[in-house]
């Protein structure tokens, strides 16, 4: 499974875009990148995933570099409810096992 | 449409006891995975069940065992509890077919060992 590296924490102003980076330089050609977030006392919430193309849904956008060695999760208009720990994970071709590192602790400030 | 449900939400046990945690997957999902999350850390994969069999296992001792029932619900059993087993136990479900189907998590069972 590809190892991921994320900054431990970041602050963001309410209403502004939050850009969360993730490095996954050992990713293989057929492995997807998944993003989850975990709000205190809750289970991880699925946000978005992608293989090579940029993806967008109602929660966020995912930008994957052309060499696929890194990606950025974009929360377009951060709200106070987006305060959470955000995890980037690459589960491997079989997609069975999610491996979580320390994630990025995002604090959205008014 | 109910998501992943886990029971109980909280549990207190003493060292040496045994515990059973339960999980009902999201509607339409047939695969269940279990994770352990210690305080301040990311979730760690325990094992995954599909078609009532353990399909993959993480680095956990045999004290951790599981079961999946014909209705796809699952149980996690932990024997001979240790203080270090205190954690949030998370269940995640997914639909097998395409390997890129995301796993969806429940809110977990908080297990405290005294």
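The values are calculated or read from the model by the stated rules, or taken from the named source; none is laboratory data. This structure is a prediction, so every number in the text was calculated from the model and none was measured. Every residue, glycine among them, receives a Cβ derived from its backbone with ideal geometry; neighbour counts consider all protein chains shown.
For the stretch A:41-55, taking the residues that are outside any strand (DSSP E or B) and without any contact (Cβ under 8 Å) to a residue 24 or more places away in the chain, the one that is farthest from the chain's Cα centre (by Cα) is identified as A:41.
Filtered by the rule that a residue be more than 7 Å from every other protein chain (Cβ to nearest Cβ) and assigned to a strand (DSSP E or B), the stretch A:79-110 gives A:84, A:85, A:86, A:88, A:89, A:104, A:105, A:106, A:107, A:108, A:109. Screening the stretch B:69-90 for residues that are away from chain A (no Cβ under 14 Å) and either at pLDDT below 95 or not in a loop (DSSP other than H, G, I, E, B) (or both) and picking the one that is surrounded by the fewest Cβ atoms within 10 Å (Cβ to Cβ) gives B:84. Only a single criterion out of (1) within 30 Å of residue A:105 (Cα to Cα); (2) touching a residue at least 40 places away in the same chain (Cβ under 8 Å); (3) loosely packed, with under 15 Cβ neighbours inside 10 Å is not satisfied by residue B:28, namely (1).
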